[in-house]
1. Rounded to whole Å, give me the distance from the Cα center of the range 5-59 to that of the range 97-169.
2. Straight-line reach from Lys173: which aspartates and glutamates have Cα under 15 Å away, leaving out those fewer than 8 places along the same chain?
3. For the peptides 51-61, 110-120, what is the packing order when you average, over each peptide's residues, the other Cβ atoms within 10 Å and list the highest mean first?
4. How far apart, in nm, are two points set 7 Å out from the Cα along the Cα-to-Cβ line at Thr145 and at Glu182?
5. Just the number: Rg to Rh for the chain, Cα atoms, Kirkwood Rh, two decimals.
Amino acid sequence: MTQPPEATFSAVLRAASATDHAAAESAGYMGDLMGGKLPIAAFAALTARLHPVYAALEEAAEAMREHPVAGPFVHDELARTAALEEDLAFLYGTDWADRLGDSPASRAYVERIRAVAFDTPEGFIAHHYTRYLGDLSGGLIIGRTLERVYDLADGRGVAFYRFADIPKPKPFKDAYRALIDEAPLDAEGRALVVAEVREAYRLNSALFAELGAMSWNEAA
Ligand code: HEM
């Protein structure tokens, strides 16, 4: 009897986190935002929450750059912190750093990245994959939608969603999935990546839940 071909690890990872992706994707906040039902302050608040997350993730990338397992995932063309800062300057003004409120959900996400992505390759790969492969997938559509909904001329405020140094996301994502497939991880390591990707999705959903619970009517 012929055996079915063994699924690649990237396919396993995608399948194992599909329900978590569906939950994140269906957050009421995202639907309202993309549907143009929220003021631009609600969009700005998402950018404000993502900034510390990417700052931590990209600090972890520096720590992992030479790591034999995690290092190959580090790509400078993915870096988003500078783009987020450009967007925050547009959305909040140049004094944006003094104007951002507290976000327990963003803090929890940063704490998790600090706990697992600086010294375990599995933790780093999981958080790296969940954000950047998402940004290069649905994120591109989200960016284009927000640009239209909020009438953002010349992409101002949505630099985060534009990967100027990755003109062709498809081959980049294919190569990224090949890295996942070829990463020297044993069964235990792979299980750790899957579990942490699911945790990363939960942290993203919590971020959306926090934003969804806010009242935007009186916000500037
Ligand atoms: C409204 C919200 C969202 C939409 C519309 C959306 C849409 C999509 C779409 C269409 C794809 C498939 C693209 C492809 O096959 O190449 C995708 C993949 C992906 N998304 Fe999302 N997404 C959303 C939210 C999120 C969130 C919050 C995260 C996590 C931070 C995320 C992470 C991912 C990842 C990691 C992939 C790649 C899966 C894989 O192929 O391994 N997405 N998304």
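1. Here the answer is 8 Å between Cα centres.
2. Reachable aspartates and glutamates: Asp76, Glu77, Asp135, Asp165, Asp181, Glu182.
3. Put in order of decreasing packing, that is 51-61, 110-120.
4. Output for this residue pair reads 3.5 nm.
5. 0.97
Every number in this text was worked out from the coordinates using simple rules, so none of it is lab data. Not measured: the values here are computed from a predicted model. Here the Cβ is made from the backbone with ideal geometry for all residues, glycine too, and neighbour counts use every protein chain on show.
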